[in-house]
Every structure is written in structure tokens, then in C-alpha cells.
């Protein structure tokens, strides 16, 4: 049947959708989310049917096209196209199968992932898939096959190296920027570590946000490869390299209900490691009441899963379970964290010692795995000799940043408020969630200079009137909001 | 923060959605499906956030509005609005709870249904709800509370009658138009039966499609009330009266994966009966390999559920399990079925005897429940005396149709093909699915005159060359498609 194109002048963000009027839908026996084949001369495409109830939006006899469909057909407003009913993507049958509690095969999961990446599945169909994985769980076999499919249908970084190191942290600890110290140490030791990191979602900064203070992080796969070939390492934003395309599309659907099906989460993490051909992966699982992993039992369970699945994907996984009860480092927020990291690498006396201690342990573990003897001493030497700092400067330069940046000149928010001890005593509770919220309200991570500087950590003794922390903001109003929030929820307690 | 309105010139079909550019989303810390409060002068509304990746669709600094949002705000292109982050609807927390396998309370289900009806929940959120109900099931208590919430938040027909009759069929049998005979019989007997029926989804005709051949079926609740007050009965399209608003919105999401969570299905059926204040409901469960209910065990299970849930909703449920192995009546398709029904009521010798037999049994059951003695004889008298026919004419007139329509003059498709017996023998398999498919391809239910007329039923003896069935179509090409399909899949077998 023939229909006249209406340019809807809006994009869906990927999925191919065409809308027809409810009257035509009834006539042609078409339903919401059916698939149609649209032809215009030599061009054709499949699209998902949306039914418009209003004649204003899409009048009968017309087909409303979103940008993606117009592009595929090289079509414009008022063109005439021919449409036919098309079969639904095969993945839908497998999603139904999973909904009914059956296990999916490698071939079936591969088909679903392929269709996700190619934007063949609608939001509703993806939601059914996530629901099914959440409620029915994924077996180890399914998780492995799902992760392999994500790697197959995503970008890959191909380096000709026998050993490639990577690292992941399950998250929830403000200031925990280990990657930015770990990468230069490992790279300086002569090993390869092509690190991709995320931006913050609910925290005051992700590694990508903090690294961005020092250098661009939105690298293409080609650029990332060049940086690693030159320096042995990189600290790039994972979102730009598109190493796990399917994953990004699934996260969009998982976010509204904050659903993290375990199998999907594991597959997503390990697929990103497999996509850079990592051979050794260090997983940091911080445990604390405010981190993602709340107790040792959960951490041990996850450790086992990571190891099993990693092994089946050809990676060696090394898990460390760490203390996640309080923030790490002194600065929270991109600029404050970047300052701390450069101070650490420069061996400044003001450097964050807790972060250093943790990184040294992690780096030693990785070097030990790589067969290096006296790994801890080696790591300390690399730090003390300035080799790590030099390597970081190389990486910053290769990514396109200024290697000679002075940490003390990294701009901070000019509106500040320092919270001082109202009495002498011992600090006994620095709450991750409060610190993160206040830093975000103050403007982090969007305002790079916003955040919180912790003068003192937990169990430290303070005297009445001594500074405990300072809030930085680039905006007077945001500072006020942050102080209001702090007043409402409390934060650091002194006994 | 302030944004400039971009009129997207398209409707979502109900849900309030506003799109902002990905850049702004990052700046304002907004995510896909977050809720925002939009203010324009004295007008304000909550909307679901959609993130536009393309600057062409929604440039930074702009907010793309779908029709529904523009209407609420009385806003137009280039107006400036103020937006603020808003809390998500409370139903989302309950959907998460259900996803985790917990039971929902009356208050929680009520909140979800209210938000569904008010278009507060997105497709993705609704999909999570349906998935959870499908995979975790609904208890009897949940089903009852869900049904009650649907009634509460939908239209209701309030008649001041002690006894109100209704009927439901689980479906899957072509030609099974019992309601159109049952309603005039019950109404003629002096009882009230305000019947709402569906249009066809996958069958060649729904009762609403067939009744529409004789009279308008898209009645408002007020009109339906008037028809029933005048005639004791009506045969209206359920979609127009909006008795179960939440249900219609859920069906849209259930359709793409053809998911029918049992609890949701039961709640949906009984909510529609409760919405007309039915006191007695007859449920017809046809059992056959091609019907929805495949075997006696399933039918018995459903019978029990219907009775238990109906009782808790204050209705008496009477279930009959019937033979669903072959089509009922001779005509399949709106016009052919309407002809058969009028012939039956007019006592024409050509009337469909199998349909009559089934309806007499059902009507007798209903009258018996109403306390009528010798119910079967009474039903036969009502039919034979022409009382039922007169009542049907009253109903047709009250709904706005022509009461004097001659069944033989109801137009049929002018393109026909008669399939004749290739050998003498006994017909042993008339396949419901094939008959339904062929009738649909021939044009039913959209083309009222399209369909199939069965000259002979199963177990009848035919001689070589005798007509078995005739296909009617309003369109030459569609007749050809129907014949092609019949050739491919077979249909009626003779032994």
C-alpha cells in the first residue's frame, strides 16, 4: 500500500520508527510495534510501527517518519513510499522464551545482541528482555555467551601484546581514583594497560570526569590505539570508544527502574575487558554500607562469579576486597581529585596517603601476576623515582592535554565554605552518601571545580575550631543548596 | 532552569513526554524517563524526560514538546518555560517490588492503576509491570485488588437493577456469535443484559464488528445507559465506553510479545463485568486444539479461578465448558455472521442450528440462575414466538441502526470462490486457524462483506462436486491471496 511521507523532524536516537494513523492501522491490520518494510525507489528499510491516534500528528494516508527512517530511505516530506508487512526480528521469540524461564543458547543470545546493536528492537522489547534476565537470572553459560556476543557486535581494540592489563571497580566510594595512578605505574613498568572508564552517573566524579581535567578523554578506537602504542597506557572515556554498544543501549532501559540483573552486569563489565583483549583483570570490590556491595558474603559471591566467567572468556581475574566505608583521598570532585593525583605522582607532602597505599597494593598485585619479582618494591621505586609521574605526563600529552599542568593551578570553585569542628574529639563517621550528594549539589561533576576537600579523615582527632572539610562551588546559589542539604542530612560526626 | 519550547508536532497518544538535548541533560543531571515539572505562567505539568542525542531534533537550550504537553501548558513554539526535577510516580517503587517477587497490596495496585490511567507511567515502566506479573504471577488477592482498581479508575455503567446479566467467552472459535442472540432472548425475558464486546484482534470478526453491520456500536456510556433503560439490552463496542481504561493501555504493551499474564487477564475480564455492575456472569470456555484454552485441565483451572475471583468481587460466575474444535454457525466474517443471526431470530430454515443449540443452552442457564422455572422451554418460546427477533429490532433501533434490515440483502463481497468436494466422503477436519486466516486475508473484518460461508460442517457427508464452502471478498486481489493461502495450508479434509 502507498503512503505519503510526513517528516516528523525528530529522531528516536537510533531505533527505526514510522508512525501511521490508527485508521490506516486498522485497515492494514497493523499493530503497535509490528514491523513494516518501507520502499522508496531503490531504497528500503524495515521500521517499527507506531500508531498515531491523532489525525493532526499523522493523518490517514500518511506515514510519519523519524529522522533515522528518512535518512535510510533518502526520503523527504511528501514523498510517496510503499509499505508491506514484515516479519518481526527473531530475537523477540527468544525474549519470550526467556520470559517463560527457559535458558537461551549462544545462537539465541547472539541474535538478541546483534538486533540490539542494530536498533532492531523497541524499548518495550528490550524491557521485556531485561525483566526476564532480572527475574529468571542468567546461568554462567548464558552470561559468558551474552558477554561474547557483546564483544562480537561492538568495537574492539586490537593490540599485538601477549599480556594486557585491565582493572575494574564495583564502585560507591567517593574519591577512589585508583586507575589514574595505576595506569602510569603499570605503563612505566613496561606493561600495557588500555583503560577505559565511565563518567559519573550518581557519584561526584567518574574517572573519565577527573581525567578530563587533565586531557581529552573522548577518544576514538584509533586514537586510543595510538596513545597506547606510544605510552603503554591510556585513560579514556568508555562511552566514546563504543566497546560495548549493546550495553549502552541496555543501560538506558535499566536506568529508569535502577535494575541491574547480575548476569547482565557481569557480562557488561567483562565484555568491556574482553573488547580490549585484556589477559589479566584486577577487580576492586569495596565493601561498606554505602557501596554497591554491602557485605563480605556478597563480595565473595561476586568474586567467584567474576573468576568463573572470566576464565571461560579467556581472562585471568584477580579480585581484591577493600574497605569501602569512607571516601578515599582528600579531594572529591573532578578538579580536587585531579590535584590529589598529580600531588601523589609528584610526591608532594600533601598527597592523599590512603589512595597511595591502596594503589601500591593494587599495582604490586598486577606486577606480581605479570611475573615481576619484588613487585611492591618495584612499584615504590617507580613512584619515588618520578617514573610514574613522567609516564602520566606522556599519557596526558598523547591524549591531547597539557603535560606541564601545575596541580596547584587547577582551578577550583571560587565559592567556598569550611566546616569546622564544633567541639574537640574524634571523627567517627564520614558518610559516603552524604559527601557524594553534597558534592553533586555543589556542582560536581559538571562543574569541574566543584566538590569537597576533606582536611581530616575518619578516626582522626580534631580540636574545636579546626577545619574538617571545605565545600567548593563555581556558583553561589549551588553552594547555598549544598549547605542547605548538609544542614538537613548531617555528614561528619564527632564524638 | 529556562528552556525554549520546540513544538514537535506529534502526539505520544497519551503519555506526557518532553525531550531535551543530551548536552542539557548532562548539565542538569537528568536521565531518560526522569520526571520534570514544567511551568509556563500559571500553567504547569509533569512530563517524562526523553533525551535527544541529535541537535537537529532538539537543540541545546530547547525543550521538545509532544502535543499532550503543549496542550497542558497552553504553550506554543518559542515560548519560554521553566523546568525543575520532579519525583517519580510512586507506582514505580511498587513495580520494582513486584519485580523482586513481592506481593502488592491493595493500596499499591490502586496507585499503579491510577497512574496508568492518568498516563503517568512510560511504556518501559508499564512493560516492567507486565513482565513482573507474567513471571511472578498474581495471587487471587492481587487479582481481585487489581480488578477493583481498574473498575475504580475507569468508566462505570450505573443501572438501578437488582440482577444484571453478563457473559464472556475466552475465544478462539470462528462464528461463535452467541451474544447477539443471547442478549435479545434475555432482554425479551425481562432481564437486563448490558453487553459490551470487543472488536476482532486476530479473528475474522468480533461481536462488535458483526453487530456493526446492523447498528452503530461506538456508544458513549450515557447512550449505552439509554439503550439499556429502553430495551433491557445492548450490544456495544467495549473500546468506546472506556469501562476499563487501564486495561486498554496495558493491552498495547502486552501485544508485541503476545503476553497474557493470567492474573491480568482475569482481572481485565472481570473488571469489565464489575463496571456494568453485573451480578451474574456466564463464562463460555470453548476447548479445542486451536482455541485459547487447549484442554479440559486448563479449562477447569480457569473455571475455579473465575469463580473464586468473581465471588470476591461480588459476582456469581457460571462457567460452561464447550466444544471449540470447529467453527460455529455457517457464516464467518461480519456480514455473513449478521445474516446468520437474523435468520436464526427470524426462524429461517437456513439458520445456523449449531449456534441456536448453544445459545438455547446458555440462555436457559442464565434464566435458571434468575429463578425462572422451565427455563429451556421459556427460551424456546421466546425464540419461536418471534419475541427475541422483536427485541433485537428494538435494540438495533435504539442503537441507531435500521431495525427492518433484510438479512438476505446484507451486502456480501462480490468476488467469490466455491470450494467443492473432490471426492465423496465425510468431512473430518475443519481447522479453526485456517478458516480464520483465509477469512482475514479475504478482507474480514475490515471489509464487512468478506468471509467464508460453510455449506457443510464436520462429520457431514458430501458427494463429489458438492459445495463445501464459499469464500467472499470485496476485492479481486484479496480473493486471490485467500485462495493462495488456502492452497498453501489446506483446510477441510475429506476421508
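Among the residues of the stretch A:81-106 satisfying the criterion of being modelled with pLDDT under 95 and in contact with a strand residue (DSSP E or B) (Cβ under 9 Å, 6 or more places away or on another chain), which is surrounded by the most Cβ atoms within 10 Å (Cβ to Cβ)?
A:89
Need a quick list: helices (runs of 4 or more DSSP H) entirely within the stretch B:62-160 having at least 2 residues that are within 11 Å of another protein chain (Cβ to nearest Cβ) and free of Cβ contacts under 8 Å to residues at least 40 places away in the same chain.
Details: elements: B:67-73, B:91-99, B:106-117, B:123-136, B:140-152.
Answer list for the stretch B:62-160: B:91-99, B:123-136.
Can you tell me which residue is surrounded by the fewest Cβ atoms within 10 Å (Cβ to Cβ) among those in the stretch A:259-283 that are out of contact with any helix residue (DSSP H, G or I) (no Cβ under 6 Å at 6 or more places or on another chain) and more than 14 Å from chain B (Cβ to nearest Cβ)?
So the first thing to find is which residues in the stretch A:259-283 are out of contact with any helix residue (DSSP H, G or I) (no Cβ under 6 Å at 6 or more places or on another chain), and the list is A:260, A:262, A:265, A:269, A:272-273, A:276-279.
If we keep only those that are more than 14 Å from chain B (Cβ to nearest Cβ) too, we end up with A:265, A:269, A:272-273, A:276-279.
Working: A:265: 20, A:269: 20, A:272: 25, A:273: 27, A:276: 29, A:277: 19, A:278: 28, A:279: 17.
Among those residues, the one meeting the criterion is A:279.
In the stretch B:108-127, which residues are surrounded by fewer than 24 Cβ atoms within 10 Å (Cβ to Cβ) and either in the same structural domain as residue B:35 (by TED's automatic domain parsing) or more than 16 Å from residue B:254 (Cβ to Cβ) (or both)?
Result: B:108, B:110, B:111, B:114, B:115, B:117, B:118, B:119, B:120.
Restrict the check to the stretch A:164-179 and report whether at least one residue is assigned to a helix (DSSP H, G or I) and either under 30 Å from residue A:380 (Cα atoms) or at pLDDT 95 or above (or both).
Narrowing the stretch A:164-179 to residues assigned to a helix (DSSP H, G or I): A:179.
Now restrict to residues that are either under 30 Å from residue A:380 (Cα atoms) or at pLDDT 95 or above (or both): A:179.
Yes, that holds for at least one residue.
Just to verify a result, which residue in the stretch A:154-174, among those that are farther than 24 Å from residue A:222 by Cα and out of contact with any helix residue (DSSP H, G or I) (no Cβ under 6 Å at 6 or more places or on another chain), is surrounded by the fewest Cβ atoms within 10 Å (Cβ to Cβ)?
From the stretch A:154-174, those farther than 24 Å from residue A:222 by Cα are A:169-174; that's our starting set.
When the remaining residues are screened for being out of contact with any helix residue (DSSP H, G or I) (no Cβ under 6 Å at 6 or more places or on another chain), the result is A:169-173.
Details: A:169: 23, A:170: 23, A:171: 19, A:172: 22, A:173: 29.
In this case the residue turns out to be A:171.
Can you name every one of the strands (runs of 3 or more DSSP E) wholly within the stretch B:422-495 that holds 1 or more residues which are at pLDDT 90 or above, outside the structural domain of residue B:326 (by TED's automatic domain parsing) and touching a helix residue (DSSP H, G or I) at 6+ places or on another chain (Cβ under 9 Å)? Walk me through it before giving the result.
Numbers: elements: B:425-430, B:451-454, B:467-473, B:492-494.
Where strands (runs of 3 or more DSSP E) fall fully within the stretch B:422-495 and carry at least 1 residues being at pLDDT 90 or above, outside the structural domain of residue B:326 (by TED's automatic domain parsing) and touching a helix residue (DSSP H, G or I) at 6+ places or on another chain (Cβ under 9 Å), they are B:451-454, B:467-473.
If we only count strands (runs of 3 or more DSSP E) wholly inside the stretch B:10-56, which ones have 2 or more residues that are touching a helix residue (DSSP H, G or I) at 6+ places or on another chain (Cβ under 6 Å), within 12 Å of chain A (Cβ to nearest Cβ) and crowded, with 16+ Cβ neighbours inside 10 Å?
On the way: elements: B:17-21, B:35-40, B:43-52.
Passing ranges: none, list empty.
Say whether the condition of being outside any helix (DSSP H, G or I), farther than 30 Å from residue A:397 by Cβ and more than 12 Å from every other protein chain (Cβ to nearest Cβ) is met by at least one residue in the stretch A:181-202.
Quick first cut of the stretch A:181-202, residues outside any helix (DSSP H, G or I) only: A:189-202.
Subset that is farther than 30 Å from residue A:397 by Cβ: A:202.
Then keep just the ones that are more than 12 Å from every other protein chain (Cβ to nearest Cβ); that gives none.
Among the residues of the stretch A:181-202, not one is outside any helix (DSSP H, G or I), farther than 30 Å from residue A:397 by Cβ and more than 12 Å from every other protein chain (Cβ to nearest Cβ), which makes the answer no.
Rundown of residues vs (1) over 30 Å from residue B:397 (Cα atoms); (2) in contact (Cβ under 8 Å) with a residue 60 or more places away in the chain; (3) part of a helix (DSSP H, G or I); (4) within 17 Å of the chain's Cα centre (by Cα), yes/no style:
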{"site": "B:251", "(1), (2), (3), (4)": "yes, no, yes, yes"}
{"site": "B:300", "(1), (2), (3), (4)": "yes, no, yes, no"}
{"site": "B:303", "(1), (2), (3), (4)": "yes, no, yes, no"}
{"site": "B:306", "(1), (2), (3), (4)": "yes, no, yes, no"}
{"site": "B:318", "(1), (2), (3), (4)": "yes, no, no, no"}
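Quick one: which residue in A:327, A:256, A:286 is assigned to a loop (DSSP other than H, G, I, E, B) and crowded, with 17+ Cβ neighbours inside 10 Å? Spell out how you get there, then give the answer.
Working: A:256 fails: assigned to a loop (DSSP other than H, G, I, E, B); A:286 fails: assigned to a loop (DSSP other than H, G, I, E, B).
One residue alone meets the criteria, A:327.
Checking residue A:192 against (1) within 23 Å of residue A:385 (Cα to Cα); (2) surrounded by 23 or more Cβ atoms within 10 Å (Cβ to Cβ); (3) touching a residue at least 60 places away in the same chain (Cβ under 8 Å), only one condition comes out false. Which one?
(3) is the only condition that residue A:192 fails.
Of the residues that make up the stretch B:378-396, is at least one assigned by TED's automatic domain parsing to the domain that holds residue B:202, over 25 Å from the mean Cα position of the chain (by Cα), part of a loop (DSSP other than H, G, I, E, B) and under 30 Å from residue B:317 (Cβ atoms)?
no
Hey, any hits in the stretch A:267-279 for a residue that's within 29 Å of residue A:325 (Cα to Cα), modelled with pLDDT under 95 and over 13 Å from the mean Cα position of the chain (by Cα)?
Yes, because at least one residue in the stretch A:267-279 is within 29 Å of residue A:325 (Cα to Cα), modelled with pLDDT under 95 and over 13 Å from the mean Cα position of the chain (by Cα).
The values are calculated or read from the model by the stated rules, or taken from the named source; none is laboratory data. These numbers were taken from a predicted model, which means no experiment stands behind them. Virtual Cβ from ideal backbone geometry, glycine too; neighbours counted across all protein chains shown.
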